[in-house]
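The values are calculated or read from the model by the stated rules, or taken from the named source; none is laboratory data. For clarity, every value in this text was computed on a predicted model and none was experimentally measured. Virtual Cβ from ideal backbone geometry, glycine too; neighbours counted across all protein chains shown. Note: areas computed on protein heavy atoms with side chains; ligands, DNA, RNA excluded. Shrake-Rupley method; radii C 1.70, N 1.55, O 1.52, S 1.80 Å.
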Amino acid sequence: MNRKMLRFLLPLGLFLVIAAFLGVGLNRDPREVPSPLIGKPAPEFQLATLADPGKAIGRADLLGQVWMLNVWASWCVACREEHPLLVQYSQQKRLPIYGLNYKDQRADGQQWLAQFGNPYTESLHDLNGRVGLDFGVYGVPETFIIDREGVVRFKHIGPLTPQVIRERIEPLLKSLNA
């Protein structure tokens, strides 16, 4: 192959490779970030509850039931958007919903729940964000579904919507509770 042809084909090939990567990336839903935890045991944790610093709950306490972990904070604007839906969904008692109050002051989290309603079976206080980090939290809100054996089956980044509950969470709950 002569040099002129190589000068033309090399940049063209590089352009096509970059265009292919961009094309794949732009067609992905940014809320669908693959989690390395899907299909693996949820991280071990033991945290005090937001309501009572003397009461702790850990992963082992939640085995034997399908449950939701919703990561939230009083300083989170998107959590305020999601919260009425969580309150409404919790009233259906489809599964226990545990909150993970992430990098928040205890009093701020308690006040927020008192003001906006408390959808949580319990909310755990993760002041330093260690448990959130173990779960691979990118930001709040994030939601996980964990099965009876403690295996993470679903992760959603961003506020839950009626569509996500209807199309993703409800079918998953049916299969996990079958």
Hey, Trp72 hits all of (1) under 16 Å from Glu122 (Cβ atoms); (2) surrounded by fewer than 16 Cβ atoms within 10 Å (Cβ to Cβ); (3) in contact (Cβ under 8 Å) with a residue 24 or more places away in the chain but one; which does it fall short on?
(2)
Within the range 61-141, strands (runs of 3 or more DSSP E) holding 1 or more residues that are under 15 Å from Val152 (Cα atoms) and modelled with pLDDT of 95 or more:
67-72, 97-102
If a residue must be touching a Pro at 6+ places or on another chain (Cβ under 6 Å) and either surrounded by 19 or more Cβ atoms within 10 Å (Cβ to Cβ) or free of Cβ contacts under 8 Å to residues at least 40 places away in the same chain (or both), how many such residues does the range 139-177 contain?
2
Given the condition of a type in the set (Lys, Arg), open to solvent by 10 Å² or more (accessible area, probe 1.4 Å) and under 19 Å from Ile38 (Cα atoms), answer yes or no: does some residue in the range 91-113 qualify?
no
Single unsatisfied condition, Cys79 versus (1) under 18 Å from the mean Cα position of the chain (by Cα); (2) surrounded by fewer than 20 Cβ atoms within 10 Å (Cβ to Cβ)
(2)
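Please determine, by comparing only the residues of the range 118-138 that are small (Gly, Ala, Ser) and within 10 Å of the chain's Cα centre (by Cα), which one is surrounded by the most Cβ atoms within 10 Å (Cβ to Cβ). Before you say what the answer is, go through the steps one by one.
Within the range 118-138, the first condition is being small (Gly, Ala, Ser), and the residues that meet it are 123, 129, 132, 136.
Remaining after also requiring within 10 Å of the chain's Cα centre (by Cα): 132, 136.
On the way: Gly132: 23, Gly136: 16.
It comes out as Gly132.
Just to be sure before I move on: is Trp72 more than 17 Å from Glu44 (Cα to Cα) and aromatic (Phe, Trp, Tyr) in the structure I sent?
Here the answer is yes, as Trp72 does meet what is asked.
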